[in-house]
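S.K.: Let me give you the structure first, and then I'll get to my questions.
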Amino acid sequence: MGKHDNKQEKGRDDGFESLMRKFKRNVRNTGDLRRLRDKEFFEKPSDKRKKVMKAAQRRTYLQQEEDKL
């Protein structure tokens, strides 16, 4: 399969709802859903660079605002 196998083994007392909660938590923690959403549409390399730069500028701005306090 893939790099991360999001399998949930059914225990004695596990119901469907508890298995779904475990599965959703596992997917959220591994970041698989984020990766799929990022690859859903093609993104030009220049747009990727712009997104990275914008995120860096935002982090810098937030860090400076935090330092002012």
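The values are calculated or read from the model by the stated rules, or taken from the named source; none is laboratory data. Note that the structure is a prediction, hence the values are computed from the model and not measured.
S.K.: Residue check, residue 56 against (1) modelled with pLDDT of 90 or more; (2) assigned to a loop (DSSP other than H, G, I, E, B), all met but one. Which one?
M.R.: Unmet condition: (2).
Yes/no matrix, rows are residues, columns are (1) modelled with pLDDT of 95 or more; (2) assigned to a loop (DSSP other than H, G, I, E, B); (3) not hydroxyl-bearing (Ser, Thr, Tyr):
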{"position": "1", "(1), (2), (3)": "no, yes, yes"}
{"position": "13", "(1), (2), (3)": "no, yes, yes"}
{"position": "20", "(1), (2), (3)": "no, no, yes"}
{"position": "25", "(1), (2), (3)": "no, no, yes"}
{"position": "33", "(1), (2), (3)": "no, no, yes"}
{"position": "36", "(1), (2), (3)": "no, no, yes"}
{"position": "49", "(1), (2), (3)": "yes, no, yes"}
